[in-house]
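The values are calculated or read from the model by the stated rules, or taken from the named source; none is laboratory data. Owing to the predicted nature of the structure, the values given are computational and were not obtained by experimental measurement.
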Amino acid sequence: MAFGQQSGRPASARQVNELLDLLHQAGHSDFRDARGPMGFTQRQAGGKFTADEAEAFIDQLNEGESAPQAPVASAPATRLTSAERAARQIPDATLAAELQRRGWIVVEP
């Protein structure tokens, strides 16, 4: 078998369409958009699935609908600058006092 080729019978057009519909309902525009959150391979991101793979992803998405508030994608982690890390070390009261000294209005959340 060549690299990137599927092993098994290909998914039917009905399975691929059903999977795409479920991905649209989950907030994805296409297979490539869902690649990271769903864990698709490069071949699968191109819309090529085996029947077993398609059925497994369909089941996964159907189970996700019944789960309360199941997130589809997580927010990417952001890197903090050294100034942002230092600001997070300052106690809230001290930070609020400094902002007020600079003319800002500070309100507790």
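Residues that are of a type in the set (A, V, I, L, M) and modelled with pLDDT of 90 or more within segment 40-73 comprise ALA45, ALA51, ALA54, ALA56, ILE58, LEU61, listed in sequence order. The condition (being modelled with pLDDT under 90 and either on the phi > 0 side of the Ramachandran plot or not in a loop (DSSP other than H, G, I, E, B) (or both)) is satisfied by just one residue among PRO37, PRO76: PRO37.
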